[in-house]
C-alpha cells in the first residue's frame, strides 16, 4: 500500500510552503503526492458570463504552473487534481484514503477567522486523515 499525501495548492506563500513540506515528507515516507487545486464557478446573474470549460483549462494551467515553479522535477510520484466545488469539501473528498492532508495557513485567527471561516479549520475538523497546517514564516 502506497503512502499518500494530499496537499492543497493555491499559489499563496503559505500554500507553497505546504507543498514544499509535503514533498519533503513524501521523500521521507516514499510517498506519492496528490496536489489539489479547488475552484468554484463565480456566482453572477448573467447567463453564460463564464465558460465552465475555459475556467477548467485556466485552473489546470494554474495548478501545473504553480507546482512546476515550486518543484520543477518532483522526486516522488505526483498527481495534479483540479476539483470544482467548495474548497474545504474538495480537499476533504480528495483526502479519503490518504495518510495525510497538508494545507497552508493564511494566518487568520480569532474573530476574523471565525467570521470568515477557514479552509484549514474545516479540514482539520472533518478530514478522514491527519491534517498538517503549515504557516510560512519570514519573507520566503
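The values are calculated or read from the model by the stated rules, or taken from the named source; none is laboratory data. Computed from a prediction, not measured in an experiment: that's the story for all the values here. Cβ coordinates were reconstructed from backbone atoms using ideal geometry, including for glycine residues, and neighbour counts include every protein chain displayed.
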Exception for residue 42 within (1) more than 16 Å from residue 133 (Cβ to Cβ); (2) modelled with pLDDT of 95 or more falls at (2)
Restricting region 124-138 to residues that are at pLDDT below 90 and part of a loop (DSSP other than H, G, I, E, B), the one surrounded by the fewest Cβ atoms within 10 Å (Cβ to Cβ) turns out to be 138
> Does residue 82 satisfy being part of a strand (DSSP E or B), at negative phi, touching a strand residue (DSSP E or B) at 6+ places or on another chain (Cβ under 6 Å) and crowded, with 20+ Cβ neighbours inside 10 Å?
Replying inline: yes
Checked pairs for region 58-78, first free of Cβ contacts under 8 Å to residues at least 12 places away in the same chain, second in a strand (DSSP E or B) and surrounded by 13 or more Cβ atoms within 10 Å (Cβ to Cβ), C-beta under 9 Å and 6 or more apart or across chains, list as 58/39
